[in-house]
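The values are calculated or read from the model by the stated rules, or taken from the named source; none is laboratory data. Everything quoted here is computed from the prediction, not taken from an experiment. Note that each Cβ is placed from the backbone with ideal geometry, even for glycine, and that neighbours are counted across all protein chains shown.
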């Protein structure tokens, strides 16, 4: 029978949570905030009556939802350096001095050669998850905006507010409140999905556990422990969402 | 952009001995479909059983299925994949674990991948089946029982045929999900579509071409699934429900 050694978990606890879990939580938070903002903008575009706005947003959302997250992670990891290098190089051609100085100061990047820009693993994965999750948040926010009655929009216009004022002061606050439980559920899914950055050998919670597991040859203990921690956190979070849902349901 | 475009790369020989790079990708597509479809069928059967259990009068059975659903929904797919691949073989009795480790590729990673995706998806299918049964009016079940059918017959002849017709749209998106999720199997060494594109990129350095091809294939799969399922949905739509065409109501 397999002989367990749970001491390995105890020994690596600091590494797992200080390095791994911090990364996972930071990535989740950044991706949630960025994803909800971008997703809301996409939802507003999708609901626009101008095809110039609604068609690209629809195409983006449907395409992103059709391909697996892992493929998006690879796309961003391998191509962002090229794309950023290209964009910065073009900007540099327009106004050499300020752009060049800025890039050297921020990234330590010599834009003159037009070489691919070195983007850190964290930045790359944050951008990936914002781009990917925005498509899912967009669908949620679209449903949220559509759940607000048409009269609200009409009343607001009648009071003399313009489109942006109507959106920010009248429609979006209600849409957010209606969709809050769904947005949070999606965030729990995002929290689970961030474990996929493992494929880039990043030290997130799973990555840290996997490194310890392979170093000490203790795959069984480490993976069972990781599963347990994820299970407890997600169960607790979904319990909180359910509590919130019942509260919001009473207010309505 | 500092990038050497080379779209004819797909017709060049790949170093993995499978012919051209295009063959590499198509081979990957084949394993994606095999994994996803076998997992989808298993998940459908298993998910139906668990979903029905959730609605049975017996409290024990209902609790067991609730625990099952929570367990598989609250652990990230990648962690589950590792549990099936690394942890399960250590605990299988009668040397089965050793046999599992000795399986030749691709079977060595295909079997855990299919098991993992089946159980992961079955929890989600179970939730949908449960929601479908709950959405039916109580009268359906009572009428079935009043006609002298026993509980099993009521489910078999009255409730389930109706439920499957109602939840077909959500099952469609679940089928799409399982196809996308099968890409996670690349972490345990299954060369499916995403992994094939990644391998092609590693051999040829044509990042953009490889991932564009994989993305297009995923989008085509998505379109095919949507078209087939929409046709099926029209055929089986329950007359009189929202979303059913008016003519259907009149002709029935």
Report summary line: For helices (runs of 4 or more DSSP H) lying entirely in region B:76-166, having 1 or more residues that are within 18 Å of the chain's Cα centre (by Cα) and buried (at least 18 other Cβ atoms within 10 Å of the Cβ) picks out B:77-82, B:107-135
Report task. Inspect all residues belonging to region B:85-103 and state whether any of them is modelled with pLDDT of 90 or more, within 14 Å of chain A (Cβ to nearest Cβ) and within 21 Å of residue A:235 (Cβ to Cβ). Result -> no
Report summary line: Picked from region B:40-69 (must be within 14 Å of chain A (Cβ to nearest Cβ) and in contact (Cβ under 8 Å) with a residue 12 or more places away in the chain), the residue farthest from the chain's Cα centre (by Cα) is B:66
Query raised in the report: Of all residues in region A:146-179, which are surrounded by fewer than 11 Cβ atoms within 10 Å (Cβ to Cβ) and under 27 Å from the mean Cα position of the chain (by Cα)?
Result: A:164
Report summary line: Of the residues in region B:185-240 that are within 21 Å of residue B:77 (Cβ to Cβ) and surrounded by fewer than 18 Cβ atoms within 10 Å (Cβ to Cβ), the one that is nearest to the chain's Cα centre (by Cα) is B:225
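I'd like the full set of residues that are in a helix (DSSP H, G or I) and surrounded by 13 or more Cβ atoms within 10 Å (Cβ to Cβ), limited to region B:8-25.
The first filter runs over region B:8-25 and keeps only residues in a helix (DSSP H, G or I), leaving B:8-11, B:21-25.
Correct list: B:9, B:10, B:21, B:22, B:23, B:24, B:25.
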Query raised in the report: Given the conditions (1) within 14 Å of chain B (Cβ to nearest Cβ); (2) outside any helix (DSSP H, G or I), which single one is not true for residue A:203?
Result: (1)
